[in-house]
Amino acid sequence: MKKRTYYMLIAMLLISCPFWVQLFHPGAGTDDKAIDLLTSINPSYHPWVKRIGLEISESAEPYMFALQITIGVIVFAIFFYLLKKNRSINNQQVEK
Amino acid sequence: MKKKVILLSVAIIALIAPSSVFGMHISEGFLSPAWAIAWYAISTPFVVYGLFTIKKSVAQDSRAKLYMGIAGGYVFVLSAIKLPSVAGSCSHLTGTGLGTVLFGSGAMAIIGLIVLLFQALLLAHGGISTLGANVFSMAIAGPIVAYAVFYGCKKMKLPLPVAIFMAAFWGDLFTYVVTSGQLGLAYPDSSGGVYVSFLKFASMFAITQLPLAVLEGFITVYTYKLIQKVEKV
């Protein structure tokens with residue numbers, strides 16, 4: 001029972017994330033803050049290369065990250081399933 | 001159990017997706033060419049070593065491939081989830097702790113490289129010029145520290161969950177320490193030099209990252225237990 005409460009707590013923590021977002025109104029991520037700090041240390045600095053790769057708009061960004069999460073979950077699930085299958089095949093062989 | 005995992009994953013995706021995402025990697029163009037090349041040079045031997053360790057462990061154990069798939073998926077998910085932290089800041093996890101405790105730090109260089117390349121090319125997060133530096137902080141230095149902590153905890157005969165928690169916690173935190181160091185080196189403070197600049201970046205990251213490192217520790221222990229359970233079927 002204790003174990004279950006522990007799992008539930010983590011699940012709740014994760015699921016409640018968006019609510020914290022609204023509570024705290026996170027303006028800038030640490031990336032942006034780092035850039036601000038850079039410009040305060042060295043005001044004359046400008047990025048010296050143009051970004052290579054896909055240019056995505058700010059509104060599309062969260063969805064691209066959601067895509068990454070989805071890919072991750074799918075990869076994780078597939079290999080997790082394979083590991084489970086691999087284990088049960090091995091166990092059957094031992095039993096025989 | 002499986003249902004629970006799927007449900008949890010779907011909930012995470014559905015709820016977190018619409019909020020905008022930021023992170024900790026050094027953005028494209030924010031390291032001078034000299035530093036960019038230097039970090040590429042430093043990271044390359046570790047990546048080559050990682051390739052060798054992967055080859056070796058796959059030849060030794062057929063399940064190594066499966067573990068790597070799991071650890072890879074895990075890094076993909078965790079490094080894309082932005083979480084809000086104290087003082088209205090937000091950042092994301094690294095997810096490199098799990099793979100490190102499963103099969104050591106060597107192979108994480110490759111997994112991290114794949115994830116960072118994906119983020120740099122498709123998500124406009126991090127960058128190609130800063131890839132060497134980002135790979136070093138997230139996929140090399142973080143996992144090496146995580147492995148050292150894990151090994152130390154095991155030597156001290158601490159319970160496994162504690163060892164895993166500590167490994168993931170310090171691995172996550174150290175990634176940010178290294179990022180601060182890289183930025184400090186590239187942008188020394190005009191009066192205090194590299195050290196003052198490093199402290200500025202480190203204190204900025206630390207506030208955000210401490211609570212998230214604790215969270216990463218818990219999630220890694222939970223995921224490890226999940227894998228352990230399957231192993232015992």
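Residue-by-condition table, conditions (1) within 11 Å of chain A (Cβ to nearest Cβ); (2) under 15 Å from the mean Cα position of the chain (by Cα); (3) at positive phi:
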| site | (1), (2), (3) |
| --- | --- |
| B:THR100 | no, yes, no |
| B:ILE110 | no, yes, no |
| B:LEU117 | yes, yes, no |
| B:ALA124 | yes, no, yes |
| B:SER129 | yes, no, no |
| B:TYR151 | no, no, no |
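In this structure, is B:GLY104 more than 12 Å from every other protein chain (Cβ to nearest Cβ) and on the phi > 0 side of the Ramachandran plot? Yes. Residues that are in contact (Cβ under 8 Å) with a residue 24 or more places away in the chain and not aliphatic (A, V, I, L, M) were ranked within the range B:57-70; the one that is nearest to A:ASN86 (Cα to Cα) is B:TYR67. Put simply, of B:ILE54, B:ILE37 the only residue that is crowded, with 19+ Cβ neighbours inside 10 Å, touching a residue at least 24 places away in the same chain (Cβ under 8 Å) and of a type outside the set (Lys, Arg) is B:ILE54. Given the condition crowded, with 16+ Cβ neighbours inside 10 Å, in contact with an Asp or Glu (Cβ under 6 Å, 6 or more places away or on another chain) and of a type outside the set (Lys, Arg), answer yes or no: does some residue in the range B:147-166 qualify? Looking through the range B:147-166, none of the residues is crowded, with 16+ Cβ neighbours inside 10 Å, in contact with an Asp or Glu (Cβ under 6 Å, 6 or more places away or on another chain) and of a type outside the set (Lys, Arg).
Yes/no per residue for (1) modelled with pLDDT of 60 or more; (2) at the interface with chain A (Cβ under 7 Å from one of its Cβ atoms); (3) under 27 Å from B:GLN209 (Cβ atoms):
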{"residue": "B:ILE6", "(1), (2), (3)": "no, no, no"}
{"residue": "B:SER9", "(1), (2), (3)": "no, yes, yes"}
{"residue": "B:LEU15", "(1), (2), (3)": "no, yes, yes"}
{"residue": "B:SER43", "(1), (2), (3)": "yes, no, yes"}
{"residue": "B:PHE46", "(1), (2), (3)": "yes, no, yes"}
{"residue": "B:ILE54", "(1), (2), (3)": "yes, no, no"}
{"residue": "B:GLN60", "(1), (2), (3)": "yes, no, no"}
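B:VAL221 meets each of the listed conditions (1) away from chain A (no Cβ under 12 Å); (2) more than 25 Å from B:GLU28 (Cβ to Cβ); (3) modelled with pLDDT of 90 or more; (4) more than 12 Å from the chain's Cα centre (by Cα) apart from (1). You will find that of B:SER180, B:SER137, the residue that is hydroxyl-bearing (Ser, Thr, Tyr), under 16 Å from B:SER105 (Cα atoms) and in contact (Cβ under 8 Å) with a residue 24 or more places away in the chain is B:SER137 and no other. Filtered by the rule that a residue be more than 7 Å from chain A (Cβ to nearest Cβ), touching a strand residue (DSSP E or B) at 6+ places or on another chain (Cβ under 8 Å) and surrounded by 16 or more Cβ atoms within 10 Å (Cβ to Cβ), the range B:185-214 gives B:GLN209, B:LEU212.
The values are calculated or read from the model by the stated rules, or taken from the named source; none is laboratory data. If you're wondering where the values come from, they're calculated on a predicted model, not measured in any experiment. In this analysis, Cβ positions are derived from the backbone assuming ideal geometry, glycine residues included, and neighbour counts consider all displayed protein chains.
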